[in-house]
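The values are calculated or read from the model by the stated rules, or taken from the named source; none is laboratory data. Note that the structure is predicted; figures quoted are calculated from it, not measured. For neighbour counting, all protein chains shown are included, and Cβ atoms are generated from backbone atoms with ideal geometry for every residue, glycine included. Ligands, DNA and RNA are stripped out before the accessible areas are found, and what is left, the full protein with its side chains, is counted by its heavy atoms. Shrake-Rupley method; radii C 1.70, N 1.55, O 1.52, S 1.80 Å.
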Amino acid sequence: MIKCYRRLLQRVSTSLSPLSQTTHARVVHSNPIFRHHPPTRPFASSARSLISVSQYSPWSRNFRGSLNTRVTLQSLVFAGILFAVTEYLVKEDSKEKSTSASEYASPKALETAIQELRSFFPDQNSVVTDENSLKTYGSSEQSYHPTSPHAVIVRPKTTEDVVKVVNTARKYRVPIVPYSGATSLEGHFSGYPSGSICLDMSGMDKIISIRVNDSDLTCQAGARWEDINNALKEKGIPLFFPLDPGPGATIGGMVGTGCSGTNAVRYGTARAEWFLNLVVVLPSGQVVKTRRRARKSAAGFDTTKLFIGAEGTLGIVTEATLRLTPVIPTKVAMAQFPDVQQAANAVQEILNSPQGIHIQCVELLDDHMMDAINNAGLVDTPYPVQDTLFFKIQGDQTSIKATSEVIQSIVKRHGSMRFKFAATDQEAEDLWQNRKYALMSSLAANPGLHCWTTDVCVPVSRLPELLYATKKDLMESKLQSTIVGHVGDGNFHALILFDREHELDVASGAVHRLVHRAIALDGTCTGEHGVGLGKKEYLEEELGANTVELMKTVKKAIDPLNIMNPGKLYPDKDE
């Protein structure tokens, strides 16, 4: 740009320079006008003025100053141009950064939007602006990311209700944040600073239809996975939905975060074929159904998966058709080890054995976690405080017996000192339930402390290395912690306990090091919790700039006004 500007200045200064004697003579003698009508005095006077002016131009041949002076003046001009261009670019960048906030509804427009919502939903419990509720719905006690209260909470009951809310939000440019089970740990349902609509989907919790012969069911997005499985059990239907994240998680949230759970080693995650189709309200207000109910389809894009892991940034899921699977008899066993490395090594060998297919779950609880379960008072009989693997083995009696013999043989070779089956079905259920409530156990055993839950995942062969490095780092940081892991998938949670007033920065540093360590091992910052606010800073390092840009391109195409859960998932420009 500067070179172009310099050429322009040179042309200008050349045009201002007086004609040379030779050029002047050539013009005069070649032009009949000048031959018969010599230049007048005004022309001569003008030429003298130009000569007088040009002697001050550092680009003119008539410049009076020295070469150093000429170079200095030219440099100053170029510096001025460069400074002006830089100032312009900085202002444009600042303008772009502030665009997202300034383009959303003004306080007056926001109030108008709320009044419009009240006209659509006259029931006082359907549109809520109570200050305490707005704050509660916009934050989480177990999240350490920026929070803002919402401007209003709306509780729809049908897909048509959601369409009305989305149309109002688009009309007045108000951000929409979906909310249901409130089990997220990454700030997914935090409010937007300019004021947002919290779309509370928890009331849309109905099971619409169950088709036993097709092994599927359709439900609303606010239904909880536990309630679905309990309903199937109560009806005597020998099927279940195998995705089992934290207690209280709803189908909509499970879709949004791309969840999994303890059953993932056998049944996979939300990104498998467990969601046959979705009904989604787009930012435009259009309603789409992503596909039919057939078990497989090669018709076009897999638009169902477009919304899995999108965290409510592309649309609002209102219904889902779930694929079910047969309930298979299981038995629970535990094996204990001198350290987590030996336990993790044993898992790899077990899963790669011919009997590995009968392992439904394999979970790691480190010695600190076992101690926390004992101290929390949630078990009748305390467990030995050692690094422990819990297995859920599935199949008929013959398969379970053969698999348990293989497990016993392998864990013994890896230093296991104790292998035990749950004596009764109730003991097995209690034992597994204690695993599911690991977070509550950790907090109950350490009153007054807060807990930061991590969620890294690496290739299974790299898990022992990561576990060892993590335990060592947390010990050197003098932070209390417990570890639970879906070790069959290479996924584990370090539950870091800390005093929020004095140790928050130390805990944050340990979390960052853990994530970078996992990504360096060809892993991910999140195995199942999702990105939200908490992990978007790592996305470019993990996925690459081009992949992130592709995600943003899809987002802009579907949600050009950026009203769907803004600020989540996609990295900010300065991250």
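Please identify the pairs in which a residue from the range 503-516 that is in contact (Cβ under 8 Å) with a residue 40 or more places away in the chain and closer than 21 Å to residue 448 by Cβ has its Cβ atom under 9 Å from the Cβ atom of a residue that is open to solvent by 20 Å² or more (accessible area, probe 1.4 Å) and small (Gly, Ala, Ser), counting only partners at least 6 apart or on another chain.
507/477
Taking only the range 325-337 into account, find how many residues are open to solvent by 70 Å² or more (accessible area, probe 1.4 Å) and in a loop (DSSP other than H, G, I, E, B).
Summing the residues that are open to solvent by 70 Å² or more (accessible area, probe 1.4 Å) and in a loop (DSSP other than H, G, I, E, B) in the range 325-337 gives 2.
Only one of (1) over 19 Å from residue 253 (Cα atoms); (2) touching a residue at least 60 places away in the same chain (Cβ under 8 Å) fails for residue 128. Which number is that?
(2)
Can you name the residue in the range 476-491 that is out of contact with any helix residue (DSSP H, G or I) (no Cβ under 7 Å at 6 or more places or on another chain) and closer than 24 Å to residue 437 by Cα and, of all such residues, is surrounded by the fewest Cβ atoms within 10 Å (Cβ to Cβ)?
480
Looking at residue 272, is it of a type in the set (Gly, Ala, Ser) and either assigned to a helix (DSSP H, G or I) or modelled with pLDDT of 95 or more (or both)?
no
Can we say residue 183 is open to solvent by 40 Å² or more (accessible area, probe 1.4 Å), within 24 Å of the chain's Cα centre (by Cα) and among the β-branched types (Val, Ile, Thr)?
yes
Determine whether residue 212 is farther than 28 Å from residue 451 by Cβ, β-branched (Val, Ile, Thr) and open to solvent by less than 10 Å² (accessible area, probe 1.4 Å).
For residue 212, the condition - farther than 28 Å from residue 451 by Cβ, β-branched (Val, Ile, Thr) and open to solvent by less than 10 Å² (accessible area, probe 1.4 Å) - is not met.
Looking at the structure I just gave you, is residue 423 in contact with a Leu (Cβ under 9 Å, 6 or more places away or on another chain) and modelled with pLDDT under 85?
no
In the range 542-575, how many are out of contact with any helix residue (DSSP H, G or I) (no Cβ under 7 Å at 6 or more places or on another chain), of a type in the set (A, V, I, L, M, F, W, C) and assigned to a helix (DSSP H, G or I)?
Residues in the range 542-575 being out of contact with any helix residue (DSSP H, G or I) (no Cβ under 7 Å at 6 or more places or on another chain), of a type in the set (A, V, I, L, M, F, W, C) and assigned to a helix (DSSP H, G or I): 7 in total.
Taking residue 538 and the conditions (1) under 22 Å from residue 337 (Cβ atoms); (2) free of Cβ contacts under 8 Å to residues at least 24 places away in the same chain; (3) of a type outside the set (S, T, N, Q); (4) surrounded by 19 or more Cβ atoms within 10 Å (Cβ to Cβ), which numbered condition does it fall short on, given that it satisfies the others?
Exception for residue 538: condition (1).
When residues of the range 225-245 are filtered for being open to solvent by less than 40 Å² (accessible area, probe 1.4 Å) and either acidic (Asp, Glu) or in a loop (DSSP other than H, G, I, E, B) (or both), how many remain?
6
Can you report the number of residues in the range 285-312 which are within 25 Å of residue 530 (Cα to Cα), of a type in the set (Ser, Thr, Tyr) and in a loop (DSSP other than H, G, I, E, B)?
Residues in the range 285-312 being within 25 Å of residue 530 (Cα to Cα), of a type in the set (Ser, Thr, Tyr) and in a loop (DSSP other than H, G, I, E, B): 1 in total.
Is there a residue being without any contact (Cβ under 8 Å) to a residue 24 or more places away in the chain and under 26 Å from residue 266 (Cβ atoms) anywhere in the range 302-310?
Yes, the range 302-310 has at least one match.
Identify all residues within the range 164-191 that are at pLDDT below 95 and among the β-branched types (Val, Ile, Thr); write none if there are none.
If the condition is that a residue be at pLDDT below 95 and among the β-branched types (Val, Ile, Thr), then 183 is the only one that fits.
Give me the residue from the range 356-410 that is hydroxyl-bearing (Ser, Thr, Tyr) and touching a strand residue (DSSP E or B) at 6+ places or on another chain (Cβ under 9 Å) and, out of that set, nearest to residue 478 (Cα to Cα).
388
If we keep just the residues of the range 33-73 that are in a helix (DSSP H, G or I) and in contact with a helix residue (DSSP H, G or I) (Cβ under 8 Å, 6 or more places away or on another chain), which is modelled with the highest pLDDT?
This residue is 54.
If residue 500 passes every condition in (1) surrounded by fewer than 21 Cβ atoms within 10 Å (Cβ to Cβ); (2) out of contact with any strand residue (DSSP E or B) (no Cβ under 6 Å at 6 or more places or on another chain) but one, which one does it miss?
(2)
Considering only the range 356-442, give the helices (runs of 4 or more DSSP H) lying wholly within it that have at least 2 residues that are open to solvent by less than 10 Å² (accessible area, probe 1.4 Å) and farther than 25 Å from residue 185 by Cα.
Correct list: 397-413.
Of 322, 314, which residue is touching a Lys or Arg at 6+ places or on another chain (Cβ under 8 Å), under 30 Å from residue 559 (Cα atoms), open to solvent by less than 10 Å² (accessible area, probe 1.4 Å) and outside the structural domain of residue 406 (by the TED database)?
Of 322, 314, the one residue that is touching a Lys or Arg at 6+ places or on another chain (Cβ under 8 Å), under 30 Å from residue 559 (Cα atoms), open to solvent by less than 10 Å² (accessible area, probe 1.4 Å) and outside the structural domain of residue 406 (by the TED database) is 314.
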